[in-house]
Amino acid sequence: MKNHLIKLGVASAAAMTLATPAFAQEAAADAVGGGTAYIFNTLLFLIGGFLVMWMAAGFAMLEAGLVRAKNTSTQCLKNIGLYSIAGLMFWLCGYSIAYPGFAEDSLGLFSLGSGIYGMQAVGDADLDTGYSVASDWFFQMVFCATTASIVSGTVAERVKIVPFFIFVTILTGIIYPVVVSWEWGGGYLDTVHGFSDFAGSTLVHSTGGWAALVGALIIGPRLGRYVDGKVNVFPGTNIPLATLGTFILWLGWFGFNGASQLAMGTVGDVSDVSKIFVNTNMAACGGVVVAIILSQLRFGKADVTMAMNGALAGLVSITAEPLAPSVGQSILIGGIGGAIVIFTVPLLDKLKIDDVVGAIPVHLFAGIWGTLIVAWTGDATFMGQLVGVLLTMVWVSIASAIVWFALKATIGVRPSEEVETAGLDVHETGVEAYPDLARNT
């Protein structure tokens with residue numbers, strides 16, 4: 001079988017050698033057509049979608065590994081719950097708000113949308129779209145869930161389940177879709193400022209980061225975290241589990257960035273997806289190595305949690321433009337993302353902002369960096385990118401603050417000191433992840 005494939009490859013190569021240059025160029029430009037392109041494009045959405053969905057497992061394992069034993073079950077419940085809420089809300093209203101089809105005379109800032117997403121009938125396929133609309137909805141939905149996952153890690157260990165889920169409902173149903181509509185939905189940032197965010201450094205990651213930052217400020221730090229000017233470290237329960245979560249997220253990012261090419265029906269598209277994979281991977285590698293080196297120099301030890309967040313920061317940094325940069329540029333962009341983690345994690349502690357998993361440095365600060373640097377590597381201007389960053393900051397921060405304050409004033413956000421000290425697992429879920437260990441941590 002192997003020899004047969006080799007002979008077939010040689011024969012194919014010979015045929016291409018004999019082909020005229022014009023024929024070869026035409027074949028490369030339009031490798032497939034019609035229904036075949038529709039199938040390949042749809043397949044890209046579906047594969048990318050389930051890879052990004054798998055990132056939900058990565059977030060869950062990362063957070064479960066970095067929280068204390070007494071809060072692990074609660075963190076797992078939050079992650080499986082937020083993913084499900086995101087799916088329901090994106091179906092009910094989120095998708096139509098994100099992709100409203102703004103009128104030409106509209107400023108493109110906000111649309112109520114058309115409500116519930118309408119699935120195609122069984123057997124129907126609108127070839128004019130170039131892909132199944134259901135595959136597009138699924139791919140966009142899992143991005144929505146990713147935004148909520150960012151908030152979960154930051155405010156871990158001191159927020160009750162019910163108010164957290166209410167916040168996620170509004171974040172995924174309204175706050176995030178509005179930001180998406182400004183760029184991917186053909187709204188204000190896209191038409192007026194030429195803002196560019198290939199796969200969501202700002203639209204997804206900074207949106208989640210701003211919501212997380214506002215939540216951390218309003219909810220406050222965990223009990224005993226900052227006492228008499230001292231920062232008390234609360235070690236995670238399971239570093240191997242957190243490491244596994246990091247690798248799952250790294251894997252899922254190939255769907256996150258790669259499938260954002262949005263097409264796989266030509267040789268050129270497939271080649272671009274491959275380049276995106278390489279740049280995405282190398283940015284993460286750069287983030288890890290820089291984080292290890294700088295943590296060794298700055299703290300006197302190579303911190304594994306910094307290395308994990310260095311990988312994620314590198315991935316977030318390259319997400320705004322993973323196609324245009326060279327491999328060297330991608331490593332540099334990711335490496336600076338890793339450096340951002342090293343310098344901003346201690347900054348948050350100085351400001352007494354308690355971020356349990358480091359999501360704010362990774363998703364917010366690295367997301368801003370990755371968005372602005374597109375002016376160097378991609379087809380965008382610095383001012384256009386800056387406007388996108390600032391508009392997202394204003395909208396998400398104000399909207400999130402309104403929701404968090406409303407929850408705090410009504411049903412309350414934090415558990416009692418007694419419950420927080422004992423651990424949320426017993427009181428919020430009734431299920432302890434580590435029954436023997438939790439009682440001693």
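The values are calculated or read from the model by the stated rules, or taken from the named source; none is laboratory data. Owing to the predicted nature of the structure, the values given are computational and were not obtained by experimental measurement. Don't worry about glycine lacking a Cβ; one is built from the backbone with ideal geometry, like all the others, and counts go over all protein chains shown. These area figures cover heavy atoms from the full protein model, side chains too; ligands, DNA and RNA do not enter into them. Shrake-Rupley method; radii C 1.70, N 1.55, O 1.52, S 1.80 Å.
Tabulated results
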{"read-out": "Cα-centre dipole for the chain with unit charges at Cβ (Lys and Arg positive, Asp and Glu negative), debye to 20", "value": "1360 debye"}
{"read-out": "Length added when fully stretched, Leu43-Val419, from 0.36 nm per residue minus Cα-Cα", "value": "130.6 nm"}
{"read-out": "³J(HN,Hα), Karplus 6.51/-1.76/1.60, whole Hz, each residue of region 217-223, x for Gly, Pro", "value": "5, 6, 6, x, x, 5, 4"}
{"read-out": "Length-normalised contact order of region 327-440 in % [C-alpha pairs under 8 Å, at least 6 apart]", "value": "14 percent"}
{"read-out": "Efficiency of FRET between Ile218 and Arg298 - r from beta-carbon atoms, R0 35 angstrom, step 0.05", "value": "0.70"}
{"read-out": "Relative contact order [Cα under 8 Å, 6+ residues apart], region 126-262, whole percent", "value": "29 percent"}
{"read-out": "Listed residues Asp126, Asp228 arranged by accessible area, highest first, probe 1.4 Å", "value": "Asp228, Asp126"}
{"read-out": "For region 313-441, Kirkwood radius (reciprocal of mean inverse C-alpha pair distance, Å)", "value": "17.7 Å"}
{"read-out": "Rounded to whole Hz, the Karplus (6.51, -1.76, 1.60) HN-Hα couplings of region 97-104, x for glycine and proline", "value": "6, 5, 10, x, x, 4, 5, 4"}
{"read-out": "In region 106-142, chymotrypsin sites (Phe, Trp or Tyr not before Pro) in a DSSP loop with at most 12 other beta-carbon atoms within 10 Å", "value": "none"}
{"read-out": "Gain on full stretching of the segment that runs from Val278 to Phe405 - 0.36 nm per residue minus C-alpha separation", "value": "41.4 nm"}
{"read-out": "Accessible surface, 1.4 Å probe, highest first, among residues Ser260, Ser416", "value": "Ser416, Ser260"}
{"read-out": "Per-pair calculated FRET efficiency, R0 = 30 Å: Lys352 and Phe247 via Cβ, rounded to 0.05", "value": "0.40"}
{"read-out": "Entry for semi-axes √(5λ) of the Cα gyration tensor in Å (calculated from the structure that is shown) out of [x] 39, 26, 21; [y] 49, 28, 19; [z] 51, 23, 20", "value": "[x]"}
{"read-out": "Value of [θ]222 nm, deg cm²/dmol, for the chain, DSSP H segments ≥ 4, -39500 (n - 2.57) each, nearest 500", "value": "-21000 deg cm²/dmol"}
{"read-out": "Segment Asp124-Ile398, length gained on full extension (0.36 nm per residue, minus Cα span)", "value": "94.4 nm"}
{"read-out": "Region 194-296 - Debye-derived log10 I(q)/I(0), Cα point model, q = 0.24 Å⁻¹", "value": "-1.31"}
{"read-out": "Tally of Lys pairs whose C-alpha atoms are under 29 Å apart, taken over the chain, 8 or more apart or cross-chain", "value": "25"}
{"read-out": "Percentage relative contact order, the chain, counting C-alpha pairs under 8 Å, at least six apart", "value": "24 percent"}
